[in-house]
Every structure is written in C-alpha cells, then in structure tokens.
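Report on the structure given below.
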Amino acid sequence: MTDSKNTSPRWWPLMVIWILVFCVIVVVVYTNQDNRQAHVMTFIAAFGVGGGLSMMWLLALSRLPWRLRLKGLGIAIVLLLASVATFRIEGVTGDLIPIVKFRFSSAADKMAAGVAYSSEEITGSYPQFLGPNRDAKVTGIKLDPDWETNPPQLIWKQPIGEAWSAFSVVGNRALTQEQDGEDELVVCYELLTGDKIWEHRYSAFFNNPIGGVGPRATPTIEEDRVYALGAVGNLMCLNLESGDLLWSFNVLDKHGASLPEWGMAGSPLIYEDLVILSVGGRNGHSLVAHEKWSGDYVWSGGSDKVHWSSPVVFEVAGNTQVLAFNQSAMFAHDVNDGTVLWEYPWKTDGQPHVAVPVLVPGDRILLSSGYGKGAELIQIANIEEGKQSAERIWRTLHLKAKFNNFVFKDGYVYGLDDGMLTCIDVEKGRRTWKKGRYGHGQNILVGDLMLLTSERGEVLLIEPVPEEPRVLGTFEALEGKSWNPPALVGEYLLLRNHLEAALYRLPLLDL
C-alpha cells in the first residue's frame, strides 16, 4: 500500500522560498532606507530568483502528479514567450525600473507643427551645458506665472537621434549631439523651425544596457566655434557657421585614460583660451586643458578616474579653480596650471557622481550624489600658497541628486531628492519640505521661478519658496523618458530626450 503522506503534495518548500524572498526584501529596505535604486534592484532580483526556485520546486520537489507539473511548466513557458513577443524593455527609469512597452509601438516619425514663426533675431543665448554660467540659472527675463490664462505654445516637435545630450543655443542656431546607426553626430538646427542647418558625422558607437545609446555630453558654443565630446572620447572643434571640422582627437588615447562604464559625459568647459575636460587619465592627466584655437596640449593635473559630472569654474577663497567630481573625490584644480588645490573624499562603491557642485556664499560648496549617499556642505579655506582645505559643515540624506542639477536661491537649495522635489536650508542642512515625485528630471531657475522638467516629459512652473512647494502650472511636453537638461533662450524653451525634441514659447512679463 502506498503511504499517502509520501505521495501528497509537498508545499512547505514553496512557502520557505517566498518567506525568504519576503525577508530579503524587508532587510534590504530596512538597511538601505535612503537608496531607492537598491530597493528596486532587490525587488527584481528577489522575485526573479523566487520565480526560478518555484519552478525547480514544481518539477523536483512538489510531489504533484507529472501531468500537473508539465502543465504548469508549459503555462509558464507560454506566458514567458507571449510576454517576449508582445512587450519589449526600452531601458530603465532613473530608479532602475524597467520601461516596458508594446513591441510594435514606435515613436512618431512626422513633425508636429505648432504656432508658425518666421525667422527673427533671437536675443540671449544658452551656449553650454546648464546655461551661460553652468549653474542652471537664467537671468534678464521674467516668466508669466499665469499659464492658465496665457499657456505655453508649441512651435514644433520632431524625432531626434538617440543621446542624453542637451541643446546649446546661440542666436537662431541650436546644437546637440545624436546617434545615427554606427555614427555619432553633432547637429545644428534652426531654432524657430527645427530645420537642420548642418551635421558633422563621424564613426563612433556607445551603448550601455542600462544607460542606453549615444553621446552623453552637450556641445559648448564659444564665439564662432563649437566644442563637442563624443561618448567614446572624440573631442572636436567645429565652425559654428558651416559645421566644418577645425581640429579633433580622442582624449582617452591622448591622455592614457580608459573608457568609463557609462561613457564620456563631461561637457567641454571653455575658460579664456582653454578648453577643459575631465578625462580620468593617470599620472597627472585626470583633468586636462588644451588650447581652444588649435587643440594643443596646455596642462593637466590629478590622477583620479573620471565619473560623469561636467567640470565647472568657481572663484573660491580668492582663487579661480576648476572643480571636477571624480570617482573617489571632489577635486579643485588651479585654472592656470592644473595643480590640485584641494580634494574632498567622496566614495560611493562605484555609484555615479553626476550633479555639478553648487557654490554658495561664504566660500562654501554643496555637493550631492544619489544611491543613498546624500549631500554635504563643505567650507573652503586657504592654508598656504597654492593649497586650500575643505572641511565638512554638515551632511544630510535629504538631498540625493542622482543626476539632477540642483539650484541655490536666497539661502535655500531646490532639487530632486531621488526623484522627489525638495527644499534644503543651506545654513542648517535641514529639509524644509519634500513633495511630488517627478522622477530624475532637470530644472532651470529663471529669476524667482523655476522650470522643472520631469522624467515623464512634463514641464512644471514652480515658485521655489521655503514654506511649501507651489506648482503654478504644468503641461505635457515630451513623450518618453526625459533625462536631458532643457535650454531656455528668452521666451523659447527647447527640450529633448532620446526620442524627440520640441520648442515651446513661454509667456513673459515685462521687466
């Protein structure tokens, strides 16, 4: 006689599997409360492992009749194949959540027409990454806060080549970088029409399964020249009028540096006659400067590996210096010869350092990164000729800028804390409020108002005040994941992501 106890289904291994999955998730969430990306990765891994172990239980340990085991396996295979045939994963969000879309859907391939505008002289410029001063601020205009009565107007919208580059604009010329098959492009568009004026094409391709395809840096326009850095290290100088190549070389080859995991992302910085870049070469070639007219080598300094923040020039404690947010520390280099003036350790087990540091009054610098690291305010002081010190004033976990570039206004900092808009009191290092999940987007401070572009493609008009978040207006601007920083020239807001670009006219008030 068959023992019924030995032939009855064995459920306890399945229960143990999912209890362990639940325990792993709870432990990770509890021990990494400020790391949203770790939560997402743990959920995905835990459920994946749990699903695999469940199938092993079904086939080897369940004691179910083989008819039911095979039927369960067949159902799982059919569901998996149907999912693969129906859906595709189009990258991930800033929180590393897979973006699932129908396999046969595609971006629109036609231009969307808005308000007709004839060519006109454009005043103002947004000539580089994060604007005129590389601080995500625009002055000299005043936005109309009443978008209900006077809403933004679409001028044009059209597809664009993949890249995480932003636009730089001078006059009626808007430049960005794109990927087209096996080639990278620097492209010049007419601002008011979206028509292509010229393109410079060269053979280069970079793809990261999580980070995506294409260039990461933003062109820099200076006088009649354009400086652009490709994802695999191609630095070029082009004529703004024609797009003709004036000089080029690969900075990684020239300075003995290796290609970073996420590609080269630091936008070229122009200071006087220098073009300055974070390269990450060893033996004193971490930050490098070349003569902007010829491309000739001028100086280099530091030996730390590069991460994905763009260099910026600050006047700190009487010294003009270039800040580079590298792999192991924030480094400050003398702009005259590249000498390291000070460094401040910032280690995050390889997690990206992207956000540009922010200078606040009193020779203080605020730096921040995501993945649970937070933000720190440091004090810079002179200690001897050619050397400065950097000492921490406070640290907070309430500002984790993964790749959002936060802004300083009237004693407070506004930015995205792991995707949620927040306000930090700079003097105390305390959060005054946190509200609204907008993902890993970008922002521009325009006078007393802030334009926030969300990861979902929305544009929000916000009054940044420490008392509370005040959202004055919003509109849907782009479709798809939108990580690229916006550009604003006068009344014209130029946006793009890895799929499409659009120009909007924003209402202004008289100054």
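The values are calculated or read from the model by the stated rules, or taken from the named source; none is laboratory data. None of these values were measured; they are calculated from a predicted model. No Cβ is skipped: glycine too gets one built from the backbone with ideal geometry, and neighbour counts run over all protein chains shown.
Tabulated data
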{"read-out": "Pairs where the first residue, in region 245-260, is assigned to a strand (DSSP E or B) and the second is exposed (fewer than 14 other Cβ atoms within 10 Å of the Cβ) and of a type in the set (S, T, N, Q), C-beta under 9 Å, 6+ apart", "value": "L246/S294; W247/S294"}
{"read-out": "Sole exception among (1) modelled with pLDDT of 95 or more; (2) surrounded by fewer than 14 Cβ atoms within 10 Å (Cβ to Cβ) for S119, by number", "value": "(1)"}
{"read-out": "Which numbered condition N172 misses (of (1) buried (at least 22 other Cβ atoms within 10 Å of the Cβ); (2) in contact with a Leu (Cβ under 6 Å, 6 or more places away or on another chain))", "value": "(1)"}
{"read-out": "Residue in region 162-178 that is assigned by TED's automatic domain parsing to the domain that holds P127, basic (K, R) and in a loop (DSSP other than H, G, I, E, B) present", "value": "no"}
{"read-out": "Test: A502 is buried (at least 21 other Cβ atoms within 10 Å of the Cβ) and not in a loop (DSSP other than H, G, I, E, B)", "value": "yes"}
{"read-out": "Odd one out for S303, checked against (1) closer than 25 Å to F403 by Cα; (2) more than 26 Å from the chain's Cα centre (by Cα)", "value": "(2)"}
{"read-out": "Residue in region 335-347 that is surrounded by fewer than 24 Cβ atoms within 10 Å (Cβ to Cβ) and of a type in the set (S, T, N, Q) present", "value": "yes"}
{"read-out": "Members of region 226-266 that are on the phi > 0 side of the Ramachandran plot and in contact with a Gly (Cβ under 6 Å, 6 or more places away or on another chain)", "value": "G256"}
{"read-out": "Filtered residue count, region 1-29, keeping only those that are at pLDDT 75 or above and in a helix (DSSP H, G or I)", "value": "18"}
{"read-out": "Number of positions in region 55-71 that are more than 11 Å from L14 (Cβ to Cβ) and either of a type in the set (V, I, T) or part of a helix (DSSP H, G or I) (or both)", "value": "8"}
{"read-out": "Test result for I44, closer than 30 Å to R496 by Cα, in contact with a Pro (Cβ under 9 Å, 6 or more places away or on another chain), at pLDDT 80 or above and not assigned by TED's automatic domain parsing to the domain that holds G372", "value": "yes"}
{"read-out": "Residue match in region 364-372 (condition: more than 16 Å from the chain's Cα centre (by Cα), at pLDDT 95 or above and of a type outside the set (A, V, I, L, M, F, W, C))", "value": "yes"}
{"read-out": "D510 being of a type outside the set (S, T, Y) and more than 22 Å from G124 (Cβ to Cβ)", "value": "no"}
{"read-out": "The listed residue being assigned to a loop (DSSP other than H, G, I, E, B), hydrophobic (A, V, I, L, M, F, W, C) and either assigned by TED's automatic domain parsing to the domain that holds G301 or modelled with pLDDT under 95 (or both), out of A401, A390", "value": "A401"}
